[in-house]
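What follows is one structure encoded as structure tokens, with my remarks underneath.
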Amino acid sequence: MGLITDIRDSISSLFSAQDPKRIGIYGPPNAGKTTLANRIARDWTGDAIGPESHIPHETRRARRKENVEIERNGKSVTIDVVDTPGVTTKVDYTEFLEHDMEKDDAVRRSREATEGVAEAMHWLREDVDGVLYVLDSTEDPFTQVNTMLVGIIESQDLPVLILANKTDLEGSNVRRIENAFPQHETLPLSALEGDNMDEVYDKIAEYFG
């Protein structure tokens, strides 16, 4: 029996290693999704996923970091981290003009951002096994986009962990996010500073392992 059990466990481990969970990082623009994705990737692989920027919609195509192995409490979970474009109901090119962009560049960026929203929604409906939902804890979470996205995540029956990001900033209010989505667990963090990432990794292993 011992030999059979060992063989079965070895086969199970092999298939588990070849089929990591795809974890989508979702949320509105400028919530810190790419900063979080880069933090996870750097901590466990040494590489970043994509550029970070204070300008909205820096991420306009989904980026994926495969086979990120996270070890917690003697166990490991392997995930593919999918950094998705920020989801919004409208992308207006004029918002980019406020960041000293030329009009042609702003129009192009807004078009790419709109296409990125569609791509993010496709990933959510078809290609992810779980969600890290990132919110800026200095902003009001009660928005149409957040309500819609969380509703879609729930309808897909996907495990979701809500992350109240930017706790390093003045005006951060984690309780407001907890009250907005009491049906889901919320963790505070600063992806930029790395604050509370140990607890985030513990929960990633628990939720998606």
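The values are calculated or read from the model by the stated rules, or taken from the named source; none is laboratory data. This structure is a prediction, so every number in the text was calculated from the model and none was measured. Cβ coordinates were reconstructed from backbone atoms using ideal geometry, including for glycine residues, and neighbour counts include every protein chain displayed. Protein only, heavy atoms only, side chains kept; ligands, DNA and RNA dropped before computing areas. Shrake-Rupley method; radii C 1.70, N 1.55, O 1.52, S 1.80 Å.
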Response to the item:
Of the accessible area of the stretch 116-166, computed with a 1.4 Å probe and all protein chains kept, carbon and sulfur make up a percent value of 47 percent
Discussion item. As an exercise, use a Förster radius of 35 Å and the Cβ-Cβ distance of Glu102 and Thr147 to find the FRET efficiency, rounded to the nearest 0.05.
Written reply: 0.50
Worksheet item: How large is ³J(HN,Hα), in whole Hz, for each residue of the stretch 127-134 in order, when computed from phi with the Karplus curve 6.51 cos²θ - 1.76 cosθ + 1.60 and θ = phi - 60°, using x for Gly and Pro?
Response: 10, 10, 9, x, 9, 9, 9, 9
Worksheet item: Leaving out ligands, DNA and RNA but keeping every protein chain, what accessible area does Lys75 have, in Å² rounded to the nearest 10, with a 1.4 Å probe?
Response: 150 Å²
Worksheet item: By a straight-distance test (C-alpha under 19 Å), which lysines pair with Lys75 as possible cross-link partners, with residues fewer than eight away in the same chain excluded?
Response: Lys21, Lys203
Worksheet, complete the sentence: Residue by residue through the stretch 67-83, the couplings from Karplus 6.51 cos²θ - 1.76 cosθ + 1.60 with θ = phi - 60°, in Hz, x for Gly and Pro, are 6, 8, 9, 9, 9, 9, 6, x, 10, 10, 10, 10, 10, 9, 8, 10, 8
